[in-house]
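To keep things clear, I will list the structure first and then write my remarks on it.
The values are calculated or read from the model by the stated rules, or taken from the named source; none is laboratory data. Note that the structure is predicted; figures quoted are calculated from it, not measured. Cβ atoms come from the backbone with ideal geometry, glycine included; neighbour counts cover every protein chain shown.
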Amino acid sequence: MKHISIRIFALLSILLLSTDIYCQSSGGSSNYLIWSLVAVGFIILIGAIISLSDNLLNVEASKQGLDTSDGDYGVFPSISNLFVGKVPTFASKKTYHKLSKGFTINLLGEATDVDHQRSVQRFAISPKDFIEMSPIPKVEVEVGQEVKAGDVIFFDKKRPEIKYVSPVSGEVIEINRAEKRSIDTIVILADKDNAYTQHEVPSINESSREDLVTYLAASGGWTMINQRPFDIVPALDGVPTNVFISTFDSAPLAPNYEAIAAENKLAIQNAINTLNRLTEGKVYLGLDAKADDAANSVFNSFENAEIHWFDGKHPYGNVGVQIHHIAPIANGTNVWTLSVNDLITLGHLMTSGEYRTERHVVLAGAGMKSNAIVKTYQGAHIGDLTKGLIKENSRVISGNVLTGKQVTEDNFLRFRDNQITAITEGDSYELFGWLLPLAPRPSLSRTFPSFLMPNFQFEGETNMHGEGRAFVVTGQYESVLPMDIYPQHLMKAIMAGDFERMEGLGINELSEEDLALCEFVCTSKQPLQSILREGLEMMREQL
Amino acid sequence: MALVDFIKRFEPDKKNKYAHTTYDAFFTFLFTPNTVTKGGVHMRDGMDLKRTMIHVVLAMQLCYLFGTYNIGHQHFVAAGEHLGFLEGFHLKLAHGLIQLLPIFIVTHLVGLGIEFIFAAKKGHAVEEGFLVSGALIPLIMPPDIPLWILGVSVAFAVIIGKEAFGGTGMNIWNIALLARVFVFFAYPTTIAGDEVWVSGFESLAPGAAASYGWAHDIFNGLFGWMDLATFNSAATVVDGYSGATPLGLAYNGGWSAVTEQFSVAQMFWGTIPGSIGETSKPLVIIGALILLATGIASWRIMLSMLIGAVTMSIILNAWGATPFMEVPWMYQFYMGSFFFAMAFMATDPVTASSTNTGKWIYGFLIGFIGMIVRVLNPAYPEGWMLAILFLNTFAPLIDHYVLESNIKKRLARA
């Protein structure tokens with residue numbers, strides 16, 4: 001309690017000094033000063049006594065083995081508890097997280113109906129979708145070879161045990177190379193009916209952890225797992241502190257996972273059971289408390305996973321944000337995250353032994369003539385998916401407008417994407433566009449009238465709306481990132497290459513998708529996601 | 001768009017750096033460029049630095065309007081003519097314009113000129129920082145400031161205060177205040193005393209004659225033709241006029257000395273001598289509300305600065321060693337430029353603390369220290385300029401400790 005003694009010392013010195021001032025000042029009219037200082041001192045004394053008894057109560061409670069981290073024990077009620085909102089009946093106080101920060105970008109072009117007519121012939125798997133992958137992995141197939149879904153396509157020579165397998169069955173028709181002979185995509189012309197490689201499934205509960213890991217690595221299931229920090233496929237000897245699954249996506253026009261999860265309940269339950277064997281901690285599911293009929297969500301029905309509810313604005317569906325509020329990543333440790341799709345694929349490997357990659361891909365955005373959901377497989381061809389849909393002068397994005405990648409109709413969906421968004425290219429000049437914009441545009445700023453209409457749906461376009469500048473405005477990133485992190489200072493630490501500070505300011509808790517909204521609102525138009533990736537790569541090289 | 005093509009015809013060669021930077025600045029002022037996002041997010045917020053800055057400038061337009069009027073009003077009060085608010089309104093505006101326009105033009109010629117040259121030399125676009133600084137500087141200058149001093153101070157502020165540190169977003173001290181503090185410390189003899197607050201006289205000694213120039217003659221011709229009152233070149237400073245500001249009076253004689261010369265209403269509405277744009281409290285507060293409503297300025301800084309100033313004035317009240325200390329704490333806000341400093345100076349995001357916790361501390365200390373300087377400093381009866389510059393210096397330190405505590409919290413997890 002050293003700092004308390006310093007405080008008392010400071011208080012005493014103020015009191016002593018004040019008598020000096022009192023002597024110097026003329027006349028008795030300033031008795032107020034002495035009395036007010038005495039009053040302040042008295043209040044501080046009472047405060048110290050109360051705070052001491054509060055601490056003692058906490059000490060006593062923890063001696064009894066009670067969890068005091070919530071501040072439930074003590075003289076003071078914790079302030080955050082006093083102002084906590086109403087917790088919905090399906091959640092408890094500990095598992096309900098209401099996040100006030102964030103910003104929802106309402107875009108036109110939501111996909112609601114399933115289009116059964118569209119069929120995709122070509123699928124691809126690309127080593128470039130994996131950050132840690134060497135540029136030239138060992139490709140196990142040749143052009144013209146027939147493969148089944150689940151057959152090994154390539155592996156990284158640095159980690160030959162982890163296999164990357166075919167999403168569908170069919171004929172390998174192209175192996176495309178990019179600069180310096182690096183492998184770009186391996187394209188498979190799909191059969192009409194998918195044939196699967198059958199693996200022998202180890203028992204989830206009875207096999208050893210090593211057996212499970214070996215099985216997943218050999219069957220392609222391991223590639224479903226994403227490791228935080230760095231967003232890489234984890235090393236085989238890595239043991240995560242916890243496993244986190246966000247069951248909803250709050251990004252603009254993002255897909256809903258309820259339908260696909262309802263079709264694959266058994267697989268998901270098996271995947272959760274398997275992950276429980278692989279982690280030393282728990283498996284956490286993050287659920288959307290704002291959804292209609294949230295209590296009856298499919299995800300609420302699984303066992304062996306701790307369910308947490310999130311309410312708020314985007315990015316409350318980001319797994320990184322959820323981790324931060326459930327059990328933050330400590331430096332030097334890692335956690336695993338899986339999307340619902342990854343969970344289902346992993347689950348099928350643990351149920352039937354088949355590598356199944358069904359995806360409900362949403363075709364969204366105002367840059368398409370109509371919007372739909374298409375049932376297909378991982379790595380589907382963009383051109384096949386969007387044939388005749390894309391409007392002129394539109395940008396096609398694999399993923400959502402915040403984190404997606406610009407693609408052409410010759411490209412394929414990225415490994416973990418199940419969304420294609422199209423929005424208008426904003427490549428035109430606008431007279432006084434910075435002062436009096438013609439078209440409504442989404443903005444965090446209240447200088448635009450759109451903040452009065454929170455439900456207005458924007459078409460969205462890709463103009464920069466300004467030029468790049470140095471960091472000027474402050475507090476903007478913090479207002480859309482519901483995490484206890486200072487993004488602007490972190491960015492500066494990355495730019496300066498200061499490792500200790502990067503780590504201290506929480507780079508390990510972030511991934512590009514978490515900062516995407518900060519990048520969107522940035523007045524200075526800074527490329528935050530690529531700066532963050534630079535920093536993450538620097539950190540990874542240090543390992 | 002045809003207009004774009006028409007203007008693009010005038011685009012100078014890129015090799016001519018100075019011409020091209022200038023062209024680019026004006027072109028991007030007219031048109032939002034057609035650049036699209038590349039890598040990273042595909043959509044960008046409609047907000048950019050130009051829009052941010054222009055809203056600050058818009059928020060101070062009322063101060064400009066009233067400042068123009070008040071320059072003229074103070075002139076005629078000193079001359080003992082047209083004492084009513086609306087009497088000789090056209091003359092007051094005319095005289096105000098004659099004083100204010102040169103100040104405005106010199107500020108921008110010097111400041112923007114330097115900005116353009118540096119932008120061309122460094123090969124980046126002209127940044128918008130000076131839009132706000134250039135609009136603020138005239139408002140915080142005394143109306144009778146010699147133009148050469150103004151020019152030198154703006155040049156000092158922009159070159160030493162900003163460009164030396166790397167341009168917009170990199171400066172440590174508020175540019176506008178740096179210009180003002182330069183005037184204050186470099187030319188104390190010219191700027192000191194009560195004389196600078198009233199313009200248009202040879203000196204402020206009673207009986208001194210009004211000095212009108214050619215611009216006044218032009219307006220005289222115009223007003224004479226329109227059959228309105230004209231500038232009376234025989235006007236002299238009335239007996240017993242001092243030109244002192246309320247703060248100057250309060251320093252020597254306390255609240256009673258202030259109220260002998262000025263009514264509370266006068267001080268509130270701002271028809272008192274002072275720097276050009278800061279005297280009218282309601283109009284400054286409207287500006288502050290605009291900044292708060294649009295979310296451009298930090299409410300944390302404004303609120304905590306108010307709390308800090310109130311706290312210190314109450315403490316000073318309790319102390320009560322000098323007449324100025326005994327001025328009741330609410331009355332402190334009628335005098336001086338607290339609200340202007342709060343709305344437009346302390347909230348400058350570049351020089352303020354950049355963390356939210358830091359902003360609370362930063363604002364509070366400005367209010368706290370500024371009031372000490374105002375009341376206890378014998379040389380200069382206003383504190384916000386010095387307090388804000390002082391806290392500008394310490395803002396990075398405040399942020400450092402806020403960040404350290406964040407880092408410590410994170411390390412404690414491991």
Among the residues of segment B:17-28, is any at pLDDT below 90, within 14 Å of chain A (Cβ to nearest Cβ), out of contact with any Asp or Glu (no Cβ under 8 Å at 6 or more places or on another chain) and not in a helix (DSSP H, G or I)? no
On the basis of being more than 16 Å from the chain's Cα centre (by Cα) and buried (at least 24 other Cβ atoms within 10 Å of the Cβ), does B:V327 make the cut? yes
Conditions (1) surrounded by fewer than 18 Cβ atoms within 10 Å (Cβ to Cβ); (2) more than 7 Å from every other protein chain (Cβ to nearest Cβ); (3) over 28 Å from the mean Cα position of the chain (by Cα) -> A:N455 fails only (3)
The residue from A:E519, A:E500, A:E534 that alone is crowded, with 24+ Cβ neighbours inside 10 Å and outside any loop (DSSP other than H, G, I, E, B) is A:E519
Checked against (1) in contact with a Phe, Trp or Tyr (Cβ under 6 Å, 6 or more places away or on another chain); (2) crowded, with 22+ Cβ neighbours inside 10 Å, A:Q269 satisfies every condition except (2)
Can you tell me which of (1) touching a residue at least 60 places away in the same chain (Cβ under 8 Å); (2) of a type in the set (S, T, Y); (3) in a helix (DSSP H, G or I) is the one B:T351 doesn't meet? (3)
From the residues in segment B:29-38 that are facing chain A (nearest Cβ under 7 Å) and more than 28 Å from the chain's Cα centre (by Cα), which one is nearest to A:L402 (Cα to Cα)? B:T37
Which of (1) within 13 Å of chain A (Cβ to nearest Cβ); (2) surrounded by fewer than 18 Cβ atoms within 10 Å (Cβ to Cβ); (3) out of contact with any Gly (no Cβ under 9 Å at 6 or more places or on another chain) does B:D348 not meet, given it meets every other one? (2)
Among the residues of segment B:266-303, write down those that are over 20 Å from the mean Cα position of the chain (by Cα), away from chain A (no Cβ under 14 Å) and crowded, with 18+ Cβ neighbours inside 10 Å. none
Of all residues making up segment A:467-484, the number that are more than 8 Å from chain B (Cβ to nearest Cβ) and in contact with a helix residue (DSSP H, G or I) (Cβ under 9 Å, 6 or more places away or on another chain): 7
Against the conditions (1) more than 18 Å from B:T393 (Cα to Cα); (2) within 13 Å of chain A (Cβ to nearest Cβ); (3) in contact (Cβ under 8 Å) with a residue 40 or more places away in the chain, where does B:W329 fall short? Just the number, please. (3)
Reported set for segment A:213-232 where residues are within 15 Å of A:T274 (Cβ to Cβ), β-branched (V, I, T) and out of contact with any strand residue (DSSP E or B) (no Cβ under 7 Å at 6 or more places or on another chain) is A:V213, A:T214
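Residue-by-condition table, conditions (1) at the interface with chain B (Cβ under 7 Å from one of its Cβ atoms); (2) within 25 Å of A:N400 (Cα to Cα):
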site: A:H465; (1), (2): yes, yes
site: A:K492; (1), (2): no, no
site: A:M495; (1), (2): no, no
site: A:L505; (1), (2): yes, no
site: A:E519; (1), (2): yes, yes
site: A:S530; (1), (2): yes, yes
site: A:R540; (1), (2): no, no
Among strands (runs of 3 or more DSSP E) completely within segment A:177-250, the ones holding 3 or more residues that are of a type in the set (A, V, I, L, M, F, W, C) and either without any contact (Cβ under 8 Å) to a residue 60 or more places away in the chain or assigned by TED's automatic domain parsing to the domain that holds A:Q145 (or both) are A:183-190
Select from segment B:1-16 the residues that are facing chain A (nearest Cβ under 7 Å) and assigned to a loop (DSSP other than H, G, I, E, B) and list them in ascending order. B:M1
Of (1) surrounded by fewer than 19 Cβ atoms within 10 Å (Cβ to Cβ); (2) without any contact (Cβ under 8 Å) to a residue 12 or more places away in the chain, B:G320 satisfies every one except (1)
Hey, could you check segment A:335-369 for residues that are in contact with a Gly (Cβ under 9 Å, 6 or more places away or on another chain) and among the hydroxyl-bearing types (S, T, Y) and say which is farthest from A:L275 (Cα to Cα)? A:T357
Counted residues, segment A:387-434 - those being surrounded by fewer than 22 Cβ atoms within 10 Å (Cβ to Cβ), more than 14 Å from chain B (Cβ to nearest Cβ), touching a residue at least 12 places away in the same chain (Cβ under 8 Å) and more than 20 Å from the chain's Cα centre (by Cα): 9
Give the number of residues within segment B:159-182 that are more than 14 Å from chain A (Cβ to nearest Cβ) and of a type in the set (D, E, K, R). 1
Go through the residues of segment B:45-52 one by one and say whether even a single one is in contact with a helix residue (DSSP H, G or I) (Cβ under 9 Å, 6 or more places away or on another chain), buried (at least 18 other Cβ atoms within 10 Å of the Cβ), more than 14 Å from chain A (Cβ to nearest Cβ) and over 24 Å from B:A135 (Cα atoms). no
Against the definition (touching a Phe, Trp or Tyr at 6+ places or on another chain (Cβ under 7 Å) and within 29 Å of A:V233 (Cα to Cα)), how does A:A364 come out, yes or no? no
Which residues, taken from segment A:316-333, are part of a loop (DSSP other than H, G, I, E, B) and more than 19 Å from A:E503 (Cα to Cα)? A:Y316, A:G317, A:N318
From A:I131, A:I173, A:I136, which residue is in the same structural domain as A:I373 (by TED's automatic domain parsing), more than 30 Å from A:M453 (Cα to Cα), outside any loop (DSSP other than H, G, I, E, B) and of a type in the set (A, V, I, L, M, F, W, C)? A:I173
